[in-house]
Amino acid sequence: MAAATAPIKVDASTDELVSHAAHFMSRTKKDVVEAAVREYIDTHRDEINAGIKTALGQLNGSDAAAISLVTGLSLDDLNDLGGLPE
């Protein structure tokens, strides 16, 4: 099965850097971006995993916990705003 592609928007200066790198490395812009993203994720994997573990630790399976995580509001703040239906 062919992989789907999705557009990524970057500012003009980043697009220019990618274009120059692709040209001088005889690669496509897609190849340069893919390699850069993979390298970035590999470099920051421990940080990413720590963030995932923190997020999962805040979830207890309730709607209130999920909304708290997404909004940044504490469970007490949500209750002060009227709480959530059971």
- How about region 1-34: which of its residues are of a type in the set (Ser, Thr, Tyr) and surrounded by 11 or more Cβ atoms within 10 Å (Cβ to Cβ)? 14, 19, 28
- Look through region 59-70, keep the residues that are assigned to a helix (DSSP H, G or I) and in contact with a Leu (Cβ under 7 Å, 6 or more places away or on another chain), and return whichever of them is nearest to residue 83 (Cα to Cα). 64
- Query: In this structure, is residue 82 out of contact with any helix residue (DSSP H, G or I) (no Cβ under 6 Å at 6 or more places or on another chain), among the small types (Gly, Ala, Ser) and not in a helix (DSSP H, G or I)?
  - Reply: yes
- Message: Given (1) within 30 Å of residue 69 (Cα to Cα); (2) at pLDDT below 95, identify the lone condition not met by residue 3.
- Response: (1)
- Query: Quick one: is residue 37 within 30 Å of residue 14 (Cβ to Cβ) and exposed (fewer than 10 other Cβ atoms within 10 Å of the Cβ)?
  - Reply: no
- Message: Of everything in region 31-59, what is within 19 Å of the chain's Cα centre (by Cα) and charged (D, E, K, R)? Give them in sequence order.
- Response: 34, 38, 39, 42, 45, 46, 47, 53
- Query: In region 1-58, how many residues are polar (S, T, N, Q), touching a helix residue (DSSP H, G or I) at 6+ places or on another chain (Cβ under 7 Å) and part of a helix (DSSP H, G or I)?
  - Reply: 2
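The values are calculated or read from the model by the stated rules, or taken from the named source; none is laboratory data. Source: prediction; values computed, not measured. Neighbour counts run over all protein chains shown; Cβ positions are idealised from the backbone, glycine included.
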